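Working notes, structure below.
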Amino acid sequence: MGRWPTGSRERLQRAAMTLFVERGYEKTSVADIAERAEVTERTFYRHFGDKREVLFDGEHTLENSIVHHLSEGPADVDPLDAIGEALHHAADEFFADRLPFSRTRQSVIDANPELQEREALKMVSLTEAMSKTLLHRGFDATTARLAAEMGVTVFKIAFTDWTAAENTDPLAELLRSSMTRLRTVAGAGRRPA
């Protein structure tokens, strides 16, 4: 084995996900993951701080993508439309061809309270980042916060629907549908058709 085997990061992610499903997150150690990926523990720690990071590795990339698209959007768009567009761009960039991985990842998170807490913190961070971006775009603090909270709710609902075993719809379509339903519920105060 070479000093820095190529593809180590991806092999580590695949090995970790397989072991998390087979044994459970709690019963899988970093040593187990490294052994399954045929690398050393030292190699594991070059790529990830701990085994949680295998599951949350892309959180900053996703947040940065959403914030970038939100900050670059047209100035005359209302905050929810701006968030909707940013979420669609991020869905296309970040989640293209990742449904099987995302489904497995979500099943591991759903089975572990510690990971659910980490996922919730990720959503808090995303809400804060979007709210700050909307403030910089000139929206008042209350509008920015409300829009960011609603945008994250739309994202969470669409993502849950997308990772459901029976789903065949693309994430972008589910984001649009969730945003439409939010607007219907908020605007009319009645159930959408």
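At-a-glance table
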{"read-out": "All aspartates and glutamates inside 15 Å of Lys27 as judged from Cα atoms, apart from same-chain residues fewer than 8 positions distant", "value": "Glu35, Asp50, Glu114"}
{"read-out": "10 Å binning of all Cα-Cα separations within region 95-153, expressed as whole percents from 0 upward", "value": "23, 34, 29, 14, 0"}
{"read-out": "Accessible area of His68 in the full protein assembly, 1.4 Å probe (Å², nearest 10)", "value": "90 Å²"}
{"read-out": "Among Glu114, Glu128, Glu59, residue whose mean-square fluctuation peaks in a GNM of the chain (springs only between Cα atoms under 10 Å)", "value": "Glu114"}
{"read-out": "Shape category assigned to region 105-193 from the gyration tensor of Cα positions, a/c cut at 1.5", "value": "oblate"}
{"read-out": "Charge context of Asn64, other residues only, Cβ under 14 angstrom, K/R +1, D/E -1", "value": "-4"}
{"read-out": "Rg/Rg_globular for region 34-193, with Rg_globular taken as 2.2 N^0.38 Å and Rg from C-alpha atoms", "value": "1.13"}
{"read-out": "Paired Rg and Dmax values of region 121-171, which use every Cα atom, in angstrom", "value": "13.2, 41"}
{"read-out": "Centroid-to-centroid separation of region 107-134 and region 55-96 [C-alpha atoms, Å]", "value": "15 Å"}
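The values are calculated or read from the model by the stated rules, or taken from the named source; none is laboratory data. Since this is a predicted model, take the numbers as computed values, not measurements. Note that we place each Cβ from the backbone using ideal geometry, even for glycine, and neighbour counts take in every protein chain shown. Calculation scope for accessible area: heavy atoms of the full protein, side chains included, ligands and nucleic acids excluded. Shrake-Rupley method; radii C 1.70, N 1.55, O 1.52, S 1.80 Å.
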